[in-house]
Amino acid sequence: MKTSELHQPESNAFTIATALTQIRLATSFLTILPVSIESASEADVAASMAWFPLVGFAMGIAFAIEDYALSFFLGTAVRTAITVLSMAALSGAIHLDGLADTADALGAGRDRVRALEILRDSRIGTYGAVAVLFAVVLKIIALAGASGWPRVAALVLAPTLSRWSMVAVSYKLKYLRKDGAGSAMFGSGRERNFTIASVVAIVAMLPLISFKIFVAYAVANGITLLLRSFYSQWLGGVTGDLIGACGEIVEVFAIVVLAS
């Protein structure tokens, strides 16, 4: 046996190197940042979902820092609008796109085949446009009325809960597409992903802990469970758009609760 083989970790073994690879993968999936990934196995791709809340937490800290920096130059309303725009831009607006496609698919009612066709369509319809507008406006209005720690908590924890819900809503549900980046994530280790993601989300709240944060976490759990049940009954599983829509809805409600 070669020396290199002795030191090569198994695909499912936890090491610092594999964890960092998985975190980089999660960052590449959730943001537009040019993350360098030399090599990654299918197991690493599947395991990267565990770190979604960690990436969301890092994004939230960046938004809070941006918001603080802008406060020296801009009024509350303008800097709030810019920060919300940054939230969409950093993620490539992919979750807003998922919300739009899901809203349009709802127009198909119980027609499962038609709904799945709409989810594959990149065009945005009337329902989708209204859903995106409502989500963005609600975020801006909620954040514009907040200051101090409630504002910081909303900016930091809403993205964290949003990315946690994406892991939770898809937990043990069938992925409805056979190809695409999302299909690679639904391999083995989904229970591990959910456990790690939940631990990260809980740890993230500790520095800012308050009764309102407990409420926000409860609301996020409730929305995720409701959507998980709805997706299962409506289409029998999830797609990337449905997962993104859940993340976006949870983010909106978390901001509303934490910033109020």
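Since every read-out is calculated from the coordinates, none of them should be taken as a lab result. Keep in mind the model is a prediction, meaning the values are calculated, not measured. So basically every Cβ, Gly included, is an ideal-geometry build from the backbone, and we count neighbours across all protein chains shown.
Assuming 0.36 nm per residue, please report the length gained on full extension of the stretch ALA89 to ARG120 beyond their Cα-Cα distance.
Details: separation 31, 0.36 × 31 = 11.16 nm, distance 2.20 nm.
Once the chain is fully extended between ALA89 and ARG120, it gains 9.0 nm.
Filter the DSSP H helices in the chain by two things, a Kyte-Doolittle mean of at least 1.6 and an axial alpha-carbon span of 20 angstrom or more, and list the hits by number. Don't jump to the answer; show the numbers that get you there.
Values: long enough: 16-30 (21 Å, 1.18); 52-70 (27 Å, 1.45); 76-90 (21 Å, 1.48); 126-144 (27 Å, 2.25); 148-169 (31 Å, 0.94); 190-205 (23 Å, 0.89); 211-234 (34 Å, 0.88); 240-259 (28 Å, 1.84).
Both cut-offs are met by 126-144, 240-259.
Points 7 angstrom from Cα along the Cβ direction at ALA129 and VAL78: gap in nanometres?
Spacing of the two 7 Å Cα→Cβ label points: 2.9 nm.
With a 10 Å cut-off between alpha carbons and a GNM built on the chain, which of SER170, SER39, SER210 moves the most?
SER39
Name the residues of segment 234-259 whose amide N is less than 19 Å from a point 7 angstrom out from the Cα of ASP111 along the C-beta direction?
Zone members listed by number: 234-236.
If you average the sequence gap of Cα pairs under 8 Å that are 6 or more apart and divide by the length of the chain, what percent do you get for the contact order? Walk me through the intermediate numbers first.
Details: 363 pairs, mean separation 74.5, N = 260.
Once normalised by length, the contact order is 29 percent.
When you count, for each residue, the other Cβ atoms within 10 Å and take the mean per peptide, how do 95-106, 246-257 rank with the highest first? Walk me through the numbers before you get to the answer.
Details: 95-106: 24.3, 246-257: 25.8.
Output ranking for 95-106, 246-257: 246-257, 95-106.
Using alpha carbon coordinates only, what is the Rg to Rh ratio of segment 107-260, with Rh defined as the Kirkwood radius? It would help to have the intermediate numbers written out before the result.
Details: Rg = 16.3 Å, Rh = 16.4 Å.
On the Cα set of segment 107-260, Rg over Rh gives 0.99.
From the mean inverse distance of alpha carbon pairs (Kirkwood) and the Cα radius of gyration, derive Rg over Rh for segment 60-164. Present the calculation step by step, with values, prior to reporting the outcome.
Working: Rg = 16.0 Å, Rh = 15.0 Å.
Radius of gyration relative to Kirkwood radius: 1.07.
Can you figure out the FRET efficiency of SER260 with THR195, using R₀ = 25 Å and their beta-carbon distance, to the nearest 0.05?
Working: r = 31 Å, r/R0 = 1.23.
Working from the Cβ atoms, E equals 0.20.
Roughly what percent of Cα-Cα pairs across the chain reach past 34 Å? Intermediate values should be presented prior to the final figure.
On the way: 5904 of 33670 pairs.
Of all Cα-Cα distances in the chain, 18 percent exceed 34 Å.
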